[in-house]
Amino acid sequence: MNLSIKACLFAFSLVVFANKSDASGVSPYLPLKNDFLIELELERLATVAQMPMLAKPYHIVTVVKYLEKVKHSHPTLYKRINHYIKRYKRQGGITQLGVELGYSDNKSRTQINNRGVPLDSVLTSNISAFYQTNEYLLFSGSGTVSEGSKFIPHNTYMSFGTEYFQFDLGYREHWLSPMQESALTASTNAQPAPSITLSNVTPITDWNVKYEMSVGLLEEMQGIHFNDSTSSGRPGFLTMHLSIQPFDWWTLGGTRTFMFAGGERSVSLSNLWKAIIDPVSGDNCGGDSDLQDCSEENGNQIATVTSKFDFSIGSFPISLLAEYGGEDTKNYSYELGNVGWTMGLFLPYLTDNISIYSEYTNFHTHWYVHHLYDEGYRNDLVTMGHWWGDVKALDDKSAGNAATARLNWHISPSFNLQLMVRSATVDSSATYQYERATEAELKLKQLYKTGFLNYGLNFGKDINGESYYRVSFGYNW
């Protein structure tokens, strides 16, 4: 509580100072994992216009700026995005709404990258709206209601500040990776935590520096270890992201996440800072560390380095994406340990109407598990990073890999198809014996009046060899 109060006071003092400048105001965000069609167009724009972004959701101001660069070279892309963002070019209103009916024979899985919504949810509805009182203050409301599940707020927050200091207080989401279908540290796989976030709307300097920091509070968690006992509580969750664009075609970034305290565990600001700047001696006990009392460990950290290369071969645009991270340090050094990495390839225009995206992730051991937290790197029992973490058991430390391939096809002006195939493996052990998990996902959008009819089919086999399926039908605007 003291940490949250101090963070808020610091935030208000910064924004008061920032408002004295001649800077412009805050910006709302565009959808994240709500509508695959507009999000595909945004990713195409990010590649073609070489947007210096390694984290999502995208600020609308950033999208508008880079959209002008493709007005003549990609008129169809310009028209589609420009038409969509018209709903934000007003003081306020509803920006998105949708409803979906579904049925699944599996009652234990959650929908990948959908904030922990159960796979067998029968009725799901969502709505997004905003109201901007002036240049420096706006309110956003967005959430999902799932039958049989609680209301999940996402992108429900108050924003205030300037283009260089935008503060978001509430359920603002974080996707800290250039990948489109996964993230090692933070994604939409689990529901967002209430948090305060500081970021810049306008990139800084000619190197297009972008930063983002947040501190939040996770849901109630069981099995938090302290000394020789366990307790329940709500751990804190800290995220830090920084990126630069040294060349138009290359954006480089780094991310840190820190799950700390909770239950009987507590952490002071000084210990938190030490753990961040010196994870070897500030947050790893034993061995060559200065920290020998393991009860004084602060929490669980993950660090990644990310990169995006946007270039063209003739008139053929390509994005090469990379993410390299460590769940811990290696042998009490400053090297990343328990490595995980992802490589991605995006071809936004294989043809005028077809795009292809693929990614492959490899995990060493101990990802998304931790000796201080029995539930691991999760929020409400759902992995906050890569969906692969939900494939295996909560306490399983095994290594593995995951792959995703996606095809998008504008069949006609009225029909859009998305086909996605996922695969995951977890190394078997004396405790767990696994098979390869596979899943296919088919989505079809049909233009209907001012919105879209959505048809969906999922089917697959989990690592225990059990088959499942889901069918869905819905409408969104």
Handout entry: Accessible-area ranking of GLU441, GLU68, largest first, probe 1.4 Å
Key = GLU68, GLU441
Problem - Part-to-part distance (alpha-carbon centres) for segment 168-242 and segment 306-323, which is given in Å - result: 27 Å
Practice task
Give a quick list of trypsin sites (Lys or Arg not before Pro) in segment 42-77 that DSSP marks as loop, anything other than H, G, I, E or B, with at most 15 other Cβ atoms within 10 Å.
Solution key: LYS71
Completion exercise
Sorted by accessible surface (1.4 Å probe, heavy atoms of the protein chains only), largest first, VAL201, VAL48 come out as VAL48, VAL201
Problem - Å² per residue, accessible surface of the chain at 1.4 Å - result: 42 Å²
Problem - Where labels lie 7 Å past Cα in the beta-carbon direction, separation of PHE151 and GLU435 in nm - result: 4.2 nm
Practice task
Using every pair of alpha-carbon atoms in the chain, split the distances into 20 Å bins beginning at 0 and state the percent of pairs per bin, rounded to integers.
Solution key: 23, 60, 17, 0
Handout entry: Total formal charge among the other residues, if their Cβ is under 12 angstrom from that of VAL471, Lys/Arg +1 and Asp/Glu -1
Key = -2
Exercise for the section: Determine the share of the chain's accessible area contributed by carbon and sulfur atoms, expressed in whole percent, with a 1.4 angstrom probe. Expected result: 60 percent
Problem - Ordering of 454-462, 169-177 by packing [mean C-beta count within 10 Å, highest first] - result: 169-177, 454-462
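The values are calculated or read from the model by the stated rules, or taken from the named source; none is laboratory data. Since this is a predicted model, take the numbers as computed values, not measurements. Positions of Cβ are backbone-derived with ideal geometry, glycine not excepted, and every protein chain shown enters the neighbour counts. When the accessible area is computed, the model is the full protein with side chains, heavy atoms only, and any ligands, DNA or RNA have been set aside. Shrake-Rupley method; radii C 1.70, N 1.55, O 1.52, S 1.80 Å.
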